[in-house]
Amino acid sequence: MTDFGMTRRSALALLSTLPVSFIGREVFAQAIASLAERAASEDPAVWYESSRPDQGDQVIAAFAKAFPKAKVRHESIPGGNGVAARVTQESMAGARTADIVTVGGGETTQLLKANLIAPQDFEAYGLDPKLVFSKRAVHTAVTVYCIVYNKTLVKKKPAGWDDLLDPQYKGEVGTWVRAAALAELSRAWGEDKVMAYYNKLLAQEPMFFNSAAPLAQSVAAGEIALGLGSYHNSLPPMKKGAPIDIVPLDPSPMSSVFSFVASKARSPATAALFISWLCSPAGNVVYEEATDRGTPLIAATKTAKFVAGLPTTEWPLDNKEPYAAIFEKMNRMVANVTVK
Amino acid sequence: MKASAPATRRAGEWAAGGALLLVLGYLVVLPLLILVVAAFRPHGFPFEPGVTFAHVTNAFLDPGLPRLISGTLTFAIGASALAVMLGLLLAFLLERTDMPWRGVWRAAVVLPMAMPPMLLGIAWTLLLGPRIGVFNVMLSEWTGVRGPFLNIYSLSGMIFVEGLALAPSAYLMLAAPVGNIGSAMQEAAAMSAAGPLRRWLKIDLPLLTPAIAACALVMFVAGLVVFDIPAIIGVPSKIIVLSTHIYGLAHNPPESLPRYGEIGALSFLFIGLLVGLVALYQRLGARAQRYVAITGRGWRSSPVPLRAWKYPAVAFVILYFLLTVAAPFAALLWTSLLPYQARISPDLIGLLTVSNHLAFFGNARAISATIHSLEVALLAASAVAVLAFLVAAYVNRSRGPGRRIIDLLAAAPLAIPGVMMGMALIFVYLTFDWLPVYGTIWIIVLAFAAEYLPFGSRAMNGVMSQLHPELEEAARMSGAAPSRVLRKILLPLFLPAAMAVWLWVFAHALRALSAPVMLQGRDNIVLSTLLWGYWNSGEPTIAAAIGIWLIVILTLATIGWRLASRRGGAAHV
């Protein structure tokens, strides 16, 4: 068996779930096999992403099984904006930076503006066109905001947004200090309605958290009864048996995460190959298993099943300015909360 | 030849001053310059084109700034006052009295330094959380009244925990000066029928003024820039201080890129404050000659007998140990044995598991992070101890040029929050790539060397101001060579302080988060960044298990250090 044969088989396996004809699959497989051949002669590609190192290792190990000759190194950098800042700093200084970047929509927009994202014909590698934004960024995952509640403390399962404003939970509600969920919600509700809602939520004297992960843990511990959390951050304590559950919202705000090849990439073929794999059904399922977040645009993911049938809302990648403006106003509202 | 000795000495001092300026310039001035430039760049990136004053105006015309400053000052003053009081009392009991089991307590009182402040904060939320805090639950059950009785999520809660977190540092800074107080004056005063309080106020306190001022200054500024405890305890109840505000600018900006420009502008505030504090410190230092405790004339120190007071003294140290180590450690251990975060309750004993601890040992990343942490801590502690000694010796004992500037530069990193130091160092070492430290543990060592130098040099200055130069002068007059003076006089006197500085930096470097998190790459992950990763991704129980093993490592290091210091003849701390 030749190396090329193995690469081609990996490529076909990667494409096996695509709803395209046999001939179409063959064309994509050849494109990926050719990409893999080029990747084999490149240095290891560096992937900047915010998951933990062990989660990154899990993803890289699966990729290495599919494409043993292409090497990728995961670099864990806390926070999407930390990743974007690092890429910007390194690029400005002319230093070695990431080849592959995975960040949120806001950061993607900023890096697009700074010309730090390389164009790439991902569709030629068999990626579903609805995943690809402007031949540059590929939809990789979402943060879906939802209610997380403690089943012991909340007797009646919450139904939706109004439950967070229920006076009986005053002082026992939690929210992420970053008002991303409500800023995304403003696309569906409009600014006035969202601002009015946020004012009422602040009147509930909520506990604020630096991330939705400790929020879910505080709900599990019983320090707060319920909170505006996120699906993937609530899963770890739920999987371990914590007495919590999640309730989808109507509408459900989401924040998308994208992957792309950095314009200063030194291993562009490896980067394109990795993203093509990561955002394929096979790769995205692995990514979701490792990080609990996947893209709802791939039916095989649990995230797709969770989101199925839900009315979702999110500011699109090419129109993030209103999101940023409302986010800024909410930051100011939080800053003016009087501490008792 | 004899006539040229002063000239040779002068040339030596010039060379030493120049070398120190060079090192400090590289470690301190360059990153500070980066911050200043960042404040005037459109997106806060020093190398981008364009100039703007928007960040400065945004930062300083923010209507919330006065409230932010007053909240920060209240927190820093409260926490530093508590830490200095606890540190001073502990130093007095353990270094100046005949309290029983002093050796045991000396080792025990520095153990809280092993606990990352983030985990200390988490532990206290489990102990004093309004709904799940074990004390509140117990009080509710005993009284039948629904609490909360004590709420950790408050300004006083933040001050309490931060004060406890800083207390071991205050003790280490004050132990050597307190131990160096000679007992002759005390005994003379006692013979003049002066009571203990009067003797304390008239003798000990004035003698300790420079050391207490140095300690208070360092604790105060540490309180100004500390992030972990305000983030864990303050943020949930919207008590925002400057450090959490800066974190918000870096991590929760609406535009999705950190507001480095505004952060750079805010650093002016720290720098201005620092200049004022250092001026105050230098003024105190100038008066320090009046408070010299160890001279060449018959210095001796004998323990103060506690008599009946030894029981309350032991009770106080046990209470301190319970609050800073035992109770938080128990809460942390409890968390580390659970599959998910939960209140402390006998109902949950069935859930206890050692899987988080087994995972720690089975995780290759955790092992490499432990090795990196130890390497970084060892190198940073050694670098700071040596540099702090050289800075203090030059500033206090030489007549070389630029002493004030060197003193100021050694204190300046206090003004740089860790997150900003991290950002500045990324730019410095991306630009000066002839020193290939970017992405390695060495960049973290350099960050810590700069970050902790102020603590080291302030501590050394405090001790140096208590030692009269006549000891060295007498030795020189007796014909001792400078190397012999250093070996036989200065080193034995400074060794306890140098070792205290070393231990302090070692412990803090093991647990520090803000600079390593900015400088983190694949090949320089340390325990604190690993721990932060687990905490941030919703795995506090694994983070707690890592914290437990951090404490174990530091406990072993402390025991080793105690044994080494006994063999080396170090008298104090």
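The values are calculated or read from the model by the stated rules, or taken from the named source; none is laboratory data. Just so it is clear, the model here is predicted, and its values are computed rather than measured. Quick reminder, even Gly has a Cβ in these numbers, built from the backbone with ideal geometry, and neighbours come from all protein chains shown.
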Elements of type helices (runs of 4 or more DSSP H) in the stretch B:100-178, at least 2 residues being of a type in the set (K, R): B:102-109
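Which ones in the stretch A:66-81 are modelled with pLDDT of 85 or more, within 13 Å of chain B (Cβ to nearest Cβ) and part of a helix (DSSP H, G or I)?
So the first thing to find is which residues in the stretch A:66-81 are modelled with pLDDT of 85 or more, and the list is A:66-77, A:80.
When the remaining residues are screened for being within 13 Å of chain B (Cβ to nearest Cβ), the result is A:71-77, A:80.
Within the stretch A:66-81, A:G80 is the sole residue that qualifies.
Output the residues belonging to the stretch B:329-348 that are within 12 Å of chain A (Cβ to nearest Cβ) and either in contact with a helix residue (DSSP H, G or I) (Cβ under 7 Å, 6 or more places away or on another chain) or of a type in the set (V, I, T) (or both). Give the derivation first.
We begin by selecting, within the stretch B:329-348, every residue within 12 Å of chain A (Cβ to nearest Cβ); these are B:331, B:334-335, B:338-345, B:347-348.
Once the filter is applied, which keeps residues that are within 12 Å of chain A (Cβ to nearest Cβ) and either in contact with a helix residue (DSSP H, G or I) (Cβ under 7 Å, 6 or more places away or on another chain) or of a type in the set (V, I, T) (or both), the stretch B:329-348 yields B:A331, B:T335, B:L338, B:P339, B:Y340, B:Q341, B:A342, B:R343, B:I344.
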Just to be sure before I move on: is B:I344 part of a loop (DSSP other than H, G, I, E, B) and at pLDDT 85 or above in the structure I sent? yes
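Can you pull out every residue in the stretch A:118-144 that is over 23 Å from A:P296 (Cβ atoms) and touching a helix residue (DSSP H, G or I) at 6+ places or on another chain (Cβ under 6 Å)?
Residues of the stretch A:118-144 that are over 23 Å from A:P296 (Cβ atoms), as a first pass: A:118-119, A:121, A:124.
Within the stretch A:118-144, just A:A124 meets the criteria.
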Tell me yes or no: at least one residue of the stretch B:431-441 is buried (at least 24 other Cβ atoms within 10 Å of the Cβ) and at pLDDT below 80. no
Hey, can you tell me all the residues within the stretch A:124-160 that are surrounded by fewer than 17 Cβ atoms within 10 Å (Cβ to Cβ), in the same structural domain as A:I224 (by TED's automatic domain parsing) and not basic (K, R)? A:T152, A:A159, A:G160
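Residues that are more than 8 Å from chain B (Cβ to nearest Cβ), out of contact with any helix residue (DSSP H, G or I) (no Cβ under 7 Å at 6 or more places or on another chain) and free of Cβ contacts under 8 Å to residues at least 40 places away in the same chain: list the helices (runs of 4 or more DSSP H) wholly contained in the stretch A:162-235 that include at least 2 such residues.
On the way: elements: A:180-189, A:191-203, A:212-221.
Where helices (runs of 4 or more DSSP H) fall fully within the stretch A:162-235 and carry at least 2 residues being more than 8 Å from chain B (Cβ to nearest Cβ), out of contact with any helix residue (DSSP H, G or I) (no Cβ under 7 Å at 6 or more places or on another chain) and free of Cβ contacts under 8 Å to residues at least 40 places away in the same chain, they are A:191-203.
Here is a check on your reading of the model: is B:L379 touching a residue at least 60 places away in the same chain (Cβ under 8 Å), closer than 30 Å to B:L493 by Cα and part of a helix (DSSP H, G or I)? Give the derivation first.
Values: touching a residue at least 60 places away in the same chain (Cβ under 8 Å): yes; closer than 30 Å to B:L493 by Cα: yes; part of a helix (DSSP H, G or I): yes.
In short, yes.
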Selected residue [under 26 Å from A:I224 (Cβ atoms) and touching a residue at least 40 places away in the same chain (Cβ under 8 Å)] from B:L93, B:L119, B:L88: B:L119
For B:L68, the lone unmet condition from (1) on the phi > 0 side of the Ramachandran plot; (2) out of contact with any Gly (no Cβ under 7 Å at 6 or more places or on another chain); (3) surrounded by 15 or more Cβ atoms within 10 Å (Cβ to Cβ) is (1)
Hits in the stretch A:247-269 - residues which are of a type outside the set (F, W, Y) and within 13 Å of chain B (Cβ to nearest Cβ): A:S255, A:S256, A:V257, A:K264
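Say we look at the stretch B:351-369 and pick out the residues that are over 28 Å from the mean Cα position of the chain (by Cα) and β-branched (V, I, T); which of these is nearest to the other protein chains (Cβ to nearest Cβ)?
Kept after step one, since they are over 28 Å from the mean Cα position of the chain (by Cα), are these residues of the stretch B:351-369: B:351-359, B:361-364.
This time we only want the ones that are β-branched (V, I, T), so: B:353-354.
Details: B:T353: 10, B:V354: 15 Å.
The selected residue is B:T353.
If we scan the stretch A:109-130, do we find a residue that is assigned to a loop (DSSP other than H, G, I, E, B) and within 8 Å of another protein chain (Cβ to nearest Cβ)?
So in the stretch A:109-130, the residues assigned to a loop (DSSP other than H, G, I, E, B) come out as A:114-116, A:118-121, A:126-128.
The next check asks that each one be within 8 Å of another protein chain (Cβ to nearest Cβ); those that pass are none.
Looking for residues that are assigned to a loop (DSSP other than H, G, I, E, B) and within 8 Å of another protein chain (Cβ to nearest Cβ), one finds none in the stretch A:109-130, hence no.
Got a sec? Which of A:V72, A:V59, A:V87, A:V83 is in contact (Cβ under 8 Å) with a residue 40 or more places away in the chain, out of contact with any helix residue (DSSP H, G or I) (no Cβ under 6 Å at 6 or more places or on another chain) and closer than 30 Å to A:S255 by Cβ? Give the derivation first.
Numbers: A:V72 fails: out of contact with any helix residue (DSSP H, G or I) (no Cβ under 6 Å at 6 or more places or on another chain); A:V59 fails: out of contact with any helix residue (DSSP H, G or I) (no Cβ under 6 Å at 6 or more places or on another chain); A:V83 fails: in contact (Cβ under 8 Å) with a residue 40 or more places away in the chain.
Answer to the selection: A:V87.
Given the criterion of a type in the set (A, V, I, L, M), in contact (Cβ under 8 Å) with a residue 12 or more places away in the chain and closer than 30 Å to B:A15 by Cβ, identify the matching residue among B:I344, B:I405, B:I441, B:I426.
Just a single option satisfies the conditions, and that option is B:I405.
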Which residue pairs have Cβ atoms under 7 Å apart, sit 6 or more places apart or on different chains, and have a first residue in the stretch A:323-336 that is β-branched (V, I, T) and a second that is surrounded by fewer than 16 Cβ atoms within 10 Å (Cβ to Cβ)? A:I326/A:E191
The helices (runs of 4 or more DSSP H) lying wholly within the stretch B:458-560 that contain at least 1 residues that are within 27 Å of B:A424 (Cα to Cα) and within 14 Å of another protein chain (Cβ to nearest Cβ) are B:514-519, B:527-536
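Hey, any hits in the stretch B:409-416 for a residue that's more than 14 Å from every other protein chain (Cβ to nearest Cβ), closer than 24 Å to B:G276 by Cα and either among the hydroxyl-bearing types (S, T, Y) or touching a Cys at 6+ places or on another chain (Cβ under 8 Å) (or both)?
Within the stretch B:409-416, the first condition is being more than 14 Å from every other protein chain (Cβ to nearest Cβ), and the residues that meet it are B:409-416.
Now restrict to residues that are closer than 24 Å to B:G276 by Cα: B:409-416.
The next check asks that each one be either among the hydroxyl-bearing types (S, T, Y) or touching a Cys at 6+ places or on another chain (Cβ under 8 Å) (or both); those that pass are none.
No, the stretch B:409-416 contains no residue that is more than 14 Å from every other protein chain (Cβ to nearest Cβ), closer than 24 Å to B:G276 by Cα and either among the hydroxyl-bearing types (S, T, Y) or touching a Cys at 6+ places or on another chain (Cβ under 8 Å) (or both).
In the stretch B:248-263, which residues are more than 8 Å from chain A (Cβ to nearest Cβ) and part of a helix (DSSP H, G or I)?
From the stretch B:248-263, those more than 8 Å from chain A (Cβ to nearest Cβ) are B:249, B:259, B:261-263; that's our starting set.
Within the stretch B:248-263, B:L249, B:G261, B:E262, B:I263 qualify.
Taking helices (runs of 4 or more DSSP H) that fall entirely within the stretch A:281-337, which contain at least 2 residues that are loosely packed, with under 15 Cβ neighbours inside 10 Å and in the same structural domain as A:A188 (by TED's automatic domain parsing)?
Working: elements: A:281-291, A:302-307, A:321-335.
In the stretch A:281-337, A:321-335 are the helices (runs of 4 or more DSSP H) which contain 2 or more residues that are loosely packed, with under 15 Cβ neighbours inside 10 Å and in the same structural domain as A:A188 (by TED's automatic domain parsing).
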Limited to the stretch A:87-103, what total is found for residues that are surrounded by fewer than 24 Cβ atoms within 10 Å (Cβ to Cβ) and more than 7 Å from chain B (Cβ to nearest Cβ)? 4
State yes or no: is B:L430 assigned to a helix (DSSP H, G or I), closer than 30 Å to B:S169 by Cβ and not aromatic (F, W, Y)? no
Could you tell me whether B:A327 is farther than 30 Å from B:A410 by Cβ and surrounded by fewer than 18 Cβ atoms within 10 Å (Cβ to Cβ)? no
Could you figure out which of (1) in a helix (DSSP H, G or I); (2) more than 23 Å from A:E314 (Cα to Cα) isn't true of A:T152? (1)
